[in-house]
């Protein structure tokens with residue numbers, strides 16, 4: 001983690017964005033932490049950040065965890081026991097928006 005004065009960041013934002021892709025940059029004002037600059041090395045990093053900070057997603061994750069704690073659902077670790085022959089390996093289909101529910105072609 002690097003700590004940098006706001007005046008320095010304002011003078012050379014591009015440089016600090018590159019640094020922030022590798023480590024957090026704490027921006028200080030009058031010697032006190034005032035904010036943090038977070039950079040992304042790739043589009044995937046940006047997507048992961050957005051997902052992790054989306055309140056709708058985090059609520060769904062917490063609801064799923066609560067359901068598992070209540071004894072509902074199947075743990076990931078137990079999936080192989082349901083299909084010991086491994087007949088589903090490599091057959092997972094994406095259910096992304098826009099797929100129209102079509103299977104493999």
- request: Report yes if some residue within region 27-48 is surrounded by 10 or more Cβ atoms within 10 Å (Cβ to Cβ), outside any loop (DSSP other than H, G, I, E, B), out of contact with any strand residue (DSSP E or B) (no Cβ under 9 Å at 6 or more places or on another chain) and at pLDDT below 85; otherwise report no.
  value: no
- prompt: Among the residues of region 10-24, is any in contact with a strand residue (DSSP E or B) (Cβ under 7 Å, 6 or more places away or on another chain) and assigned to a loop (DSSP other than H, G, I, E, B)?
  reply: yes
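The values are calculated or read from the model by the stated rules, or taken from the named source; none is laboratory data. All figures in this text were calculated on a predicted structure; none of them were measured in a lab. Cβ sites come from the backbone with ideal geometry, for glycine too, and all protein chains shown count toward neighbours.
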